[in-house]
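The values are calculated or read from the model by the stated rules, or taken from the named source; none is laboratory data. Keep in mind it's a predicted model, so treat the numbers as computed, not measured. Methodologically, a virtual Cβ is constructed for each residue, glycine included, from the backbone with ideal geometry; neighbour enumeration extends over all protein chains shown. Each accessible area value is taken on the protein alone, full model and side chains, heavy atoms only, with ligands, DNA and RNA left out. Shrake-Rupley method; radii C 1.70, N 1.55, O 1.52, S 1.80 Å.
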Amino acid sequence: MSGAVTAGLVVLAVVVGGAQYLGSQRGFPGPGAVSVAAHIAAAIVAIVIQHFADHRRRAASAFASILVLLVAGILLWTQWWS
């Protein structure tokens, strides 16, 4: 499940980055540089943690998977719901 969440964060970062690019090209405000940076940073952090989770066993893997979900939750809370 955490792998799917990580993939979703990567897709979300690409979409938000694309919206910012299109906004700057067409003269309407996009999500903003802070939001784009937050999405890219969260995607990178999730990829690193997911890589760790994929190469460990038992408790370490489970903890890393929970961290991926936590990173996604923090991103959604700070960038989408606040």
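Table for the structure above
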item	result
Candidates LEU22, LEU12, LEU67: whichever shows maximal mean-square fluctuation once the chain is modelled as a Gaussian network with Cα springs under 10 Å	LEU22
Candidate residues PHE63, PHE28: accessible-area rank, largest first, probe 1.4 Å	PHE63, PHE28
16 Å tail of the calculated P(r), the chain, as % of Cα pairs	51 percent
Point-to-point label distance, ARG58-THR78, nm (Cα→Cβ direction, 7 Å offset)	3.4 nm
Protein accessible area in segment 19-82, 1.4 Å probe - carbon and sulfur %	69 percent
1.4 Å probe accessible area per residue over the chain, in Å²	66 Å²
Choice from ALA53, ALA33, ALA64 with maximal GNM fluctuation in the chain (Cα, 10 Å cutoff)	ALA33
Mean shadow area of segment 1-48, taken as a quarter of the surface of its Cα convex hull (nm²)	3.0 nm²
For HIS55, solvent-accessible area (1.4 Å; no DNA, RNA or ligand), Å²	110 Å²
In sequence order, calculated HN-Hα J values of segment 17-29 (Karplus, 6.51, -1.76, 1.60; Hz; x Gly/Pro)	x, x, 5, 5, 4, 4, x, 5, 6, 10, x, 10, x
Integer Hz, Karplus 6.51/-1.76/1.60 couplings in order for segment 51-62, x for Gly and Pro	4, 4, 4, 6, 10, 10, 10, 6, 5, 5, 5, 5
Relative contact order computed over the chain (Cα-Cα under 8 Å; 6+ residues apart), in percent	34 percent
Heavy-atom accessible area order for ARG56, ARG26, largest first, 1.4 Å probe	ARG26, ARG56
